[in-house]
């Protein structure tokens with residue numbers, strides 16, 4: 001690669017093994033700090049610059065392209081076992097900027113900023129004219145489907161009463177409109193049968209989350225509700241919750257690494 | 001003896017460094 005002398009950084013191949021290691025460490029960091037939604041997987045290294053750090057180490061300045069997987073951030077499934085959300089399912093991509101320090105063979109993320117975008121409706125229509133499209137969480141059919149599914153789940157459940165924590169994904173199909181939702185619930189200190197006033201039910205100190213998928217399919221003169229929930233193991237109470245990757249606020253840059261690094 | 005070389009030594013096409021390979025698909 002041409003030594004970009006004087007620029008303070010070196011350009012290397014985006015598929016260089018070290019770059020790939022840095023990119024994988026960055027995506028791990030992202031998934032550990034996402035507070036909601038679905039985990040992401042590395043799809044492509046768009047750009048990379050390698051800055052030399054005094055007295056030692058290098059910083060990889062990366063632009064990465066990620067794709068959403070079907071695993072929720074609370075789902076303990078190993079990322080390698082998570083499927084990538086396909087185009088026909090209305091895929092979501094992430095665009096991330098990372099600075100990853102490599103020192104003594106270790107990769108450490110020192111700057112992260114990401115935002116995600118769903119595929120366009122036109123592109124989904126191209127591959128699947130009748131597939132569902134992502135829709136707003138406060139769409140009335142979404143709210144109705146989530147409430148009906150949660151009530152049905154609690155009615156079938158003879159343990160704790162579960163409360164809604166997050167609507168993670170919602171899609172409507174073209175008419176006859178059917179609604180597909182994915183949402184997170186958590187166990188409370190009420191029993192499912194005894195919860196007369198859910199507002200008085202509190203989440204357990206030792207959180208127990210569940211991930212639910214539900215659909216409300218319109219039939220000719222009827223509608224069919226189906227719901228399936230996976231309840232995860234109880235989570236030990238966090239000593240101090242991990243800092244979030246704040247996708248909105250500009251992250252605090254560590255004293256402009258490129259300049260200081262040069 | 002004049003040896004007709006081919007076109008001026010075509011420079012190796014610059015190895016494209018980035019973007020890297022697409023692991024799944026592009027949106």
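The values are calculated or read from the model by the stated rules, or taken from the named source; none is laboratory data. If you're wondering where the values come from, they're calculated on a predicted model, not measured in any experiment. Heads up, the Cβs are rebuilt from the backbone with ideal geometry, glycines too, and the neighbour counts pull from every protein chain shown.
Numbers at a glance
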item	result
Single residue of the range A:1-31 satisfying the filter (assigned to a loop (DSSP other than H, G, I, E, B) and at pLDDT 95 or above) that is surrounded by the most Cβ atoms within 10 Å (Cβ to Cβ)	A:14
Residue A:117 being exposed (fewer than 13 other Cβ atoms within 10 Å of the Cβ) and either in a strand (DSSP E or B) or within 11 Å of another protein chain (Cβ to nearest Cβ) (or both)	yes
For residue A:179: the one exception among (1) surrounded by 14 or more Cβ atoms within 10 Å (Cβ to Cβ); (2) under 21 Å from residue A:198 (Cβ atoms)	(2)
Search result, residues across the range A:129-158 that are within 25 Å of residue A:205 (Cα to Cα), touching a strand residue (DSSP E or B) at 6+ places or on another chain (Cβ under 7 Å) and without any contact (Cβ under 8 Å) to a residue 60 or more places away in the chain	A:154
Cβ-Cβ under 6 Å pairs, at least 6 apart or on other chains, the range A:163-186 side over 21 Å from residue A:208 (Cβ atoms), far side at pLDDT below 95 and outside any strand (DSSP E or B)	A:174/A:130
Failed item, numbered, when residue A:124 is tested on (1) within 14 Å of chain B (Cβ to nearest Cβ); (2) crowded, with 18+ Cβ neighbours inside 10 Å; (3) not in a helix (DSSP H, G or I)	(3)
Residues of the range A:65-88 satisfying the condition of being in contact with a strand residue (DSSP E or B) (Cβ under 8 Å, 6 or more places away or on another chain) and touching a residue at least 40 places away in the same chain (Cβ under 8 Å)	A:66, A:68, A:72, A:73, A:74, A:75, A:79, A:82, A:84, A:85
Any hit, the range A:60-69, residues being over 28 Å from residue A:87 (Cβ atoms), in contact with a helix residue (DSSP H, G or I) (Cβ under 8 Å, 6 or more places away or on another chain) and crowded, with 18+ Cβ neighbours inside 10 Å	yes
Residue match in the range A:82-91 (condition: in a strand (DSSP E or B), within 14 Å of chain B (Cβ to nearest Cβ) and closer than 29 Å to residue A:232 by Cβ)	yes
